[in-house]
1. How large is Rg/Rh for region B:114-224, to two decimals, with Cα atoms and a Kirkwood Rh?
2. Keeping every protein chain in place, order A:Thr35, A:Thr49 by accessible area at 1.4 Å, biggest value first, i.e. largest first.
3. B:Glu126 to A:Arg82: FRET efficiency via 1/(1 + (r/R0)^6), r the Cβ-Cβ distance, R0 51 Å, to the nearest 0.05?
4. Are there cysteines in chain A with no other Cys C-beta under 4.7 Å, and if so, which?
5. Tell me the accessible surface of A:Trp84 in square angstrom (1.4 angstrom probe, heavy atoms of protein chains only), to the nearest ten.
6. Once you keep just the Cα pairs under 8 angstrom separated by 6 or more residues, what percentage relative contact order results for region B:114-224?
7. With every protein chain present, what accessible area does A:Glu32 have (1.4 Å probe, heavy atoms only), rounded to the nearest 10 Å²?
8. How many Cβ atoms of partner chains, on average, are near each residue of A:48-54 if near means within 10 Å of its Cβ?
Amino acid sequence: MVEPLGIREHGYTCREVVDVASEYVEGALPPEETTLFELHLNFCDGCFTFIDQIKQAAALSRRVSEDELPEPLRLGLLEAFRDWKRS
Amino acid sequence: MSACTYSVGTVTEAHTAGHIAADDSALVARLRDGDERAFEEVVSSFYPSMIAVARGYARTRAVADEIVQEAWIGVLKGIDRFEGRSSLRTWVLQIVANIARTRAVREARSAPYSSFETGDAQPAVEPERFRGPDDPFPGHWRSYPTDWRTLPEERLVSNETLAVVKQAIAELPENQRIVITLRDMTGCSAAEVCDTLGLSPENQRVLLHRARARVRARLERHLDG
Ligand SMILES: [Zn+2]
């Protein structure tokens, strides 16, 4: 493994990167922090990969099948809708 | 997958313009007209997010379904008063949250959101993964996470992997589970989640971060193991 020389000079340690990963992914880091953060990512494969994994985790959650509307509830709601229409 | 037609943009526009966003206004007009197809569409597309909010307060799935039903009756009663200050979905989710909270109070239980600040303090990544203070590179990874982009697509999105994700989400503390379900599974925007649950943007992010970090850790164990 290549030693990440001078990583601390880039403002963030890997441990700190992990803590603010979602702030970065959500675009909530202030601009000057974002610059420092991205500088770290440019030099650190570990953190670059970690950020990618966080994004992948979110993307995979999106593919998980969601709760389906149960049939009795669907019918009950349709009934309620017809009642409402009549009223 | 729910049809998440309510993008961040729609919510923002509705907020700033103070009128019903284009997507919503057609839909709301059809509902007011008593269009059953429109109602069925919206009932099934909103269901995953509605049930996620209701589950945050209800002990059982059956009770959560009752809350969803009650919420729709409230929505229909109030649809003429919907002004589009938020998206239709946000408005509906707020009604779900209100009904669920009222019921939780009636049943003398405290709602999970009352303790949003505290939560668990479990770190996003185990501290052992990083080098200690005596190391020449303190706070740096001991060994890098593996690059999932090099995995074959079939493995990454296999049913087995998705089952791991689903299980990981199911086992999250309630607050985190609700937030990740709304954000990542049903595709709600951060603003929508904050408005529905009455969370500050920062708390919403903290909960989402913890939730995603745990899902990531479970995936890591599964994919690297
Ligand atoms: Zn790093």
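The values are calculated or read from the model by the stated rules, or taken from the named source; none is laboratory data. From a predicted model like this one, the values you see are computed outputs, not experimental measurements. Don't worry about glycine lacking a Cβ; one is built from the backbone with ideal geometry, like all the others, and counts go over all protein chains shown. Side chains included, ligands, DNA and RNA excluded: accessible areas come from the protein's heavy atoms. Shrake-Rupley method; radii C 1.70, N 1.55, O 1.52, S 1.80 Å.
1. Working: Rg = 16.0 Å, Rh = 15.7 Å.
Result for region B:114-224 is an Rg/Rh of 1.02.
2. Output order, biggest surface exposure first: A:Thr35, A:Thr49.
3. E between B:Glu126 and A:Arg82, to the nearest 0.05, is 0.40.
4. Flagged as lacking a Cys partner: A:Cys14.
5. Probe radius 1.4 Å; accessible area of A:Trp84 about 50 Å².
6. With pairs under 8 Å counted, the relative contact order is 29 percent.
7. For A:Glu32, solvent-accessible area is about 120 Å².
8. 6
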